[in-house]
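Trainee: Quick one: the structure is below, questions incoming.
The values are calculated or read from the model by the stated rules, or taken from the named source; none is laboratory data. Here the structure is a predicted model, which is why all the values come from computation and not from measurement. In this analysis, Cβ positions are derived from the backbone assuming ideal geometry, glycine residues included, and neighbour counts consider all displayed protein chains.
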Amino acid sequence: MHRKISYIRNIEIIEKELNDSPGGVLAFNVDAEKAMQYPTTFLYLDKNVYFFLDKDDEVYEKIHFNGHASFTILKDGRLKKHRIKEDSYYLFSATVVGIIRIVDEQKTIDEIKSKYMAKYSLKKGFELKSSQLKELIMIDTEEIQAVEEEGI
């Protein structure tokens with residue numbers, strides 16, 4: 001197997017992929033020895049990642065707010081066949097690393113709810129209601145990393 005890995009530095013490419021992605025995986029430490037991953041929808045805005053959780057959800061209870069967390073999206077795609085009998089693959093991943101916080105400023109909550117509903121209500125006729133969006137959580141970004149991998 002031959003593969004080529006490229007680190008993406010162009011923030012415009014990274015942000016486009018983050019804005020276009022329908023979901024990703026939130027990861028955080030539960031304790032010193034255990035990590036947890038949680039797939040979720042999200043909104044990328046102003047270099048930060050926002051998502052909604054329910055306070056009654058087990059995931060919400062396990063998050064150590066004001067601690068470090070990461071959020072990763074993964075996109076795959078097929079490349080044209082380089083050789084007649086060999087398939088190739090393409091993966092793009094972007095990871096946002098930072099401090100996970102509860103958002104409590106009402107103006108920000110209202111803005112994110114509106115944009116979140118616009119992003120997800122347009123998908124396949126699904127109508128998202130504001131009352132379905134519970135607690136607004138964010139990753140206050142410290143670093144964004146992106147990688148492209150392609151191979152045969």
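Trainee: Scan segment 26-51 for residues that are in contact with a Phe, Trp or Tyr (Cβ under 7 Å, 6 or more places away or on another chain) and within 23 Å of SER114 (Cα to Cα) and jot them down.
Mentor: LEU26, THR40, THR41, PHE42, LEU43, VAL49, TYR50, PHE51
Trainee: While we're on this one: Going by what's in this entry, would ASP31 be described as under 21 Å from TYR120 (Cβ atoms) and loosely packed, with under 15 Cβ neighbours inside 10 Å? Outline the logic, then answer.
Mentor: Working: under 21 Å from TYR120 (Cβ atoms): no; loosely packed, with under 15 Cβ neighbours inside 10 Å: yes.
For ASP31, the condition - under 21 Å from TYR120 (Cβ atoms) and loosely packed, with under 15 Cβ neighbours inside 10 Å - is not met.
Trainee: Scan segment 82-104 and tell me whether some residue there is among the acidic types (Asp, Glu), closer than 16 Å to LEU133 by Cα and touching a residue at least 40 places away in the same chain (Cβ under 8 Å).
Mentor: First pass over segment 82-104, keeping only residues among the acidic types (Asp, Glu): 86-87, 104.
Checking the rest, the ones that are also closer than 16 Å to LEU133 by Cα come to 104.
Narrowing further to those that are touching a residue at least 40 places away in the same chain (Cβ under 8 Å): none.
Within segment 82-104 (the criterion being among the acidic types (Asp, Glu), closer than 16 Å to LEU133 by Cα and touching a residue at least 40 places away in the same chain (Cβ under 8 Å)), the answer is no, since none of the residues qualifies.
Trainee: Please count how many residues of segment 36-62 are farther than 20 Å from VAL147 by Cβ, assigned to a strand (DSSP E or B) and not β-branched (Val, Ile, Thr).
Mentor: Applying the first criterion (farther than 20 Å from VAL147 by Cβ) to segment 36-62 yields 36, 38, 40-41, 43, 45-46, 48, 50-62.
So of that shortlist, the ones also assigned to a strand (DSSP E or B) come out as 36, 38, 40, 43, 45, 48, 50-53.
Next, only the ones that are not β-branched (Val, Ile, Thr) stay: 36, 38, 43, 45, 48, 50-53.
Residues in segment 36-62 being farther than 20 Å from VAL147 by Cβ, assigned to a strand (DSSP E or B) and not β-branched (Val, Ile, Thr): 9 in total.
Trainee: Then there's this: Among the residues of segment 1-32, what is the count of those that are of a type in the set (Gly, Ala, Ser), modelled with pLDDT under 95 and not in a loop (DSSP other than H, G, I, E, B)?
Mentor: Of the residues in segment 1-32, 1 are of a type in the set (Gly, Ala, Ser), modelled with pLDDT under 95 and not in a loop (DSSP other than H, G, I, E, B).
Trainee: Turning to a different aspect of this structure: Which residue pairs have Cβ atoms closer than 8 Å, lie 6 or more positions apart in sequence or on different chains, and pair a first residue in segment 54-73 that is farther than 15 Å from MET138 by Cα with a second residue that is small (Gly, Ala, Ser) and surrounded by 11 or more Cβ atoms within 10 Å (Cβ to Cβ)?
Mentor: ILE73/SER21; ILE73/GLY23; ILE73/GLY24; ILE73/SER93; ILE73/ALA94
Trainee: In segment 74-130, what residues are among the acidic types (Asp, Glu), surrounded by 11 or more Cβ atoms within 10 Å (Cβ to Cβ) and either at pLDDT below 90 or touching a Phe, Trp or Tyr at 6+ places or on another chain (Cβ under 9 Å) (or both)? If you could, list the steps in order and put the result at the bottom.
Mentor: Pass one, segment 74-130, residues among the acidic types (Asp, Glu): 76, 86-87, 104-105, 110-111, 127.
Now drop any that are not surrounded by 11 or more Cβ atoms within 10 Å (Cβ to Cβ), which leaves 87, 110-111.
Listed by number, the list holds a single entry, ASP87.
Trainee: Name every residue in segment 63-76 that is among the small types (Gly, Ala, Ser) and either assigned to a loop (DSSP other than H, G, I, E, B) or over 12 Å from the mean Cα position of the chain (by Cα) (or both), in order of residue number.
Mentor: GLY67, the sole residue that qualifies.
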